[in-house]
Structure formats: C-alpha cells, structure tokens
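Student: Following this message is one structure expressed as structure tokens.
The values are calculated or read from the model by the stated rules, or taken from the named source; none is laboratory data. All of these numbers come straight from a predicted model, not from anything done at the bench. Heads up, the Cβs are rebuilt from the backbone with ideal geometry, glycines too, and the neighbour counts pull from every protein chain shown.
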Amino acid sequence: MNLVTAIEWAEGHHRRGLYSPIGVAFHWVMAGLMVVQLGYGWYLGWQPVGGDKYIGYQTHTEIGLTIMLLGTLRFLWRSQIGTPDTVDEASLSGRASHLMELWFYFSFFALPISGWVMWSTLPNDLPLSIAGVIPFPNLPFDQLSEALQHRLMQGAAKAHVWIVWITALAIPGHAGAAVLHYLVKRDRVLPSMLDLNGPQAPGVVGSAPGTGSAGGPART
Ligand code: HEM
Ligand code: HEM
C-alpha cells in the first residue's frame, strides 16, 4: 500500500465517522502504555532505593522511549491523514477536546525527553533502549560539572512530575467526556474510536448488506 492509497483508505473510514484501524490501534496501544507507565512510575517511586529500583526504572525508560517512537509515527500519520469530523471544532467542547489532544501529544514527547535528561544525569551504567530492542544514547552530561548536572536533574524531575500530574488528571477528563458524548449527546465521538454502532448505521464500514456503502464493506 503506498501513501496515496493509505490516505484514501483512511479517508474512507473518516467519511463514515470512524477513525481508521491504524488510528484506532495507535490510540488504544498508546493509551494502554501511558496508563501502565503512569502506574509503574508511581509504584517505582515508592520502592526502597536499590538495584531492583534501578532495573525497574530501566524498564520504565524502555516503555517511555517506545511511547516517544509511537508518538512520532502517530503524529506523522495524523498530520497526513487527519481525523473524522466528530465534533463542531468551533464549539466549546470541540475546542476543549482539541486542547486535550494537543496536551497528550505534548506529553508523548515532553515526558520521555525530561526523563531522558534525568536518566543521563544519574550515576548508573544501565543502557537505554527503545522497547529493550533499539539502543538509545544517553545525553553527554557526564562532561558537565556536578553542580550543573544536579540543576538539570532537579529541573527535569520537576517538569516530569508536573507533566505526569496534568496528564494523569487529563485522562479521566478525556475518557469521561467521550462517555458523556455517548450517553448524553449520543453523537459519534466514542463510536468513532470503538466502532460500537458502526455495523448498524447505514453507510458505515462493516454494515449489513443493503445498509452499507455501495460495493460492500471498505475495510481492508
Ligand atoms: C512517556 C511516558 C512516561 C510517563 C507516563 C512517565 C511517568 C513517570 C511517573 C508517574 C514517575 C513517578 C513520579 C513520582 O515519583 O511522582 C516517573 C519517574 C521517573 N521517570 Fe518517567 N515517565 C515516562 C517516560 C520516561 C522516560 C522515557 C524516562 C527516561 C528515559 C523516564 C525516567 C524517569 C525517572 C528517572 C524517574 C524518577 C524520578 C525521580 O524519582 O525523581 N520516564 N515517570
Ligand atoms: C478509557 C479511556 C479512553 C477513552 C474512552 C478515549 C476515547 C477517545 C475518543 C472517543 C477519541 C476521539 C475523539 C474525537 O475525535 O472527537 C479519542 C481521541 C484521542 N485520545 Fe483517547 N480515550 C481514552 C484514553 C486515552 C489516553 C490514556 C490517551 C493518552 C494519554 C488518549 C489520547 C487521545 C488522543 C491523542 C486522541 C486524538 C486522536 C488521535 O490523535 O489519533 N486517550 N479518545
């Protein structure tokens, strides 16, 4: 599948009020990783200092760098393909959801980068990698003075924890808004990401024969 075919394929889903299966996969895989990462980060914070804690944080860095890679691919995908029109973008809820999504994209990069700065100032020899597979370098901070390394560590830790908290509070707001759209407004916001009512709605991908788009289901 080349880029033009991929764009047409995804836009076919968007016209029917659905994210494409690639958009849906990006969303749920990254949502799962973010929730695991938040919980695991806090769990490690409560553990006593020692070797196990460092090894735990190494896993934390591997998941975090995977989020940054997936976030980059997702950003490129979304910038080429766009999203379905599920809400009026000029409305208050449209602007609020846009702001929330912008924040999440920011967190996919700002959390790994602040974590990377912290890790690079710590005196440990554990290597960094993306998903434990693709080696990733430390920043060359060992050439800096101890005082500067200390300041970098403190600044990055403060940024990491602030972004963690704002993201952790934004997630229930975002999920709750999606559920409210479903229960109160009864629009396509939640089904666009879950395909809940997709097969029943005329013209929707996967709909029953006779109700779906001409030429049958477009899902490939
Ligand atoms: C992208 C998603 C990430 C999320 C959601 C996340 C989340 C967290 C959380 C919840 C904590 C505990 C904060 C606390 O104790 O209050 C934490 C700590 C930490 N994270 Fe991350 N993190 C991410 C990425 C990374 C990456 C990529 C690295 C390193 C390359 C990293 C390095 C660290 C370190 C070193 C700490 C310990 C900070 C301290 O104890 O002061 N994180 N993270
Ligand atoms: C149970 C939890 C969740 C539910 C029910 C949910 C639901 C949704 C829905 C329905 C949309 C489509 C909104 C629209 O286009 O109008 C969406 C988009 C989005 N969600 Fe979630 N979400 C959840 C968790 C998360 C988490 C944990 C994150 C990341 C921290 C996240 C990040 C995003 C982003 C960035 C978008 C924009 C779509 C894109 O760029 O592909 N979501 N979500």
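Student: If we scan the range 75-91, do we find a residue that is within 23 Å of the chain's Cα centre (by Cα), more than 16 Å from ligand 1 (Cβ to nearest atom), closer than 20 Å to Ala178 by Cβ and part of a helix (DSSP H, G or I)?
Tutor: Among the residues of the range 75-91, at least one is within 23 Å of the chain's Cα centre (by Cα), more than 16 Å from ligand 1 (Cβ to nearest atom), closer than 20 Å to Ala178 by Cβ and part of a helix (DSSP H, G or I), which makes the answer yes.
Student: Just one of (1) on the phi < 0 side of the Ramachandran plot; (2) more than 9 Å from ligand 1 (Cβ to nearest atom) trips up Ala131, so point out which.
Tutor: Against the list (1) on the phi < 0 side of the Ramachandran plot; (2) more than 9 Å from ligand 1 (Cβ to nearest atom), Ala131 comes up short only on (1).
Student: Considering the range 84-100 alone, what residues qualify as being within 10 Å of ligand 2 (Cβ to nearest atom) and loosely packed, with under 14 Cβ neighbours inside 10 Å?
Tutor: Asp85, Glu89, His98
Student: Among all residue pairs at least 6 apart or on different chains, which show Cβ distances below 8 Å where the first residue, located in the range 170-195, is aromatic (Phe, Trp, Tyr) and the second is at pLDDT below 90?
Tutor: Cβ pairs passing all conditions: Tyr182/Leu196.
Student: Taking the range 149-158, which residues are free of Cβ contacts under 8 Å to residues at least 24 places away in the same chain and either surrounded by fewer than 12 Cβ atoms within 10 Å (Cβ to Cβ) or in contact with a Leu (Cβ under 9 Å, 6 or more places away or on another chain) (or both)?
Tutor: Of everything in the range 149-158, just one residue is free of Cβ contacts under 8 Å to residues at least 24 places away in the same chain and either surrounded by fewer than 12 Cβ atoms within 10 Å (Cβ to Cβ) or in contact with a Leu (Cβ under 9 Å, 6 or more places away or on another chain) (or both), namely Lys158.
Student: So the check is Cβ under 8 Å with 6+ separation or different chains; which pairs have a first residue in the range 15-42 that's polar (S, T, N, Q) and a second one that's outside any helix (DSSP H, G or I)?
Tutor: Listed pairs, sorted by first residue: none to list.
Student: Restricted to the range 159-189, and to residues that are touching a Leu at 6+ places or on another chain (Cβ under 7 Å) and hydrophobic (A, V, I, L, M, F, W, C), which residue is farthest from Val117 (Cα to Cα)?
Tutor: My answer is Val179.
Student: Here is a further query. For Val24, all conditions in the list (1) in a helix (DSSP H, G or I); (2) within 13 Å of ligand 1 (Cβ to nearest atom) hold save one; what is the number of the exception?
Tutor: So Val24 meets the others, but not (2).
Student: Which residue out of Ala159, Ala175 is modelled with pLDDT of 95 or more and within 15 Å of ligand 1 (Cβ to nearest atom)?
Tutor: Exactly one of Ala159, Ala175 is modelled with pLDDT of 95 or more and within 15 Å of ligand 1 (Cβ to nearest atom), namely Ala159.
Student: Being over 18 Å from Ser192 (Cβ atoms), within 10 Å of ligand 1 (Cβ to nearest atom) and surrounded by 13 or more Cβ atoms within 10 Å (Cβ to Cβ) narrows it down to one residue among Trp103, Trp119, Trp46; which is it?
Tutor: Trp119
Student: Quick one: Trp77 ticks every box in (1) hydrophobic (A, V, I, L, M, F, W, C); (2) within 19 Å of Ile130 (Cα to Cα); (3) within 9 Å of ligand 2 (Cβ to nearest atom); (4) in contact (Cβ under 8 Å) with a residue 40 or more places away in the chain except a single one, so which number is it?
Tutor: Going through (1) hydrophobic (A, V, I, L, M, F, W, C); (2) within 19 Å of Ile130 (Cα to Cα); (3) within 9 Å of ligand 2 (Cβ to nearest atom); (4) in contact (Cβ under 8 Å) with a residue 40 or more places away in the chain one by one, Trp77 breaks only (2).
Student: For Met118, indicate whether it is over 19 Å from His174 (Cα atoms), hydrophobic (A, V, I, L, M, F, W, C) and touching a Pro at 6+ places or on another chain (Cβ under 8 Å).
Tutor: no
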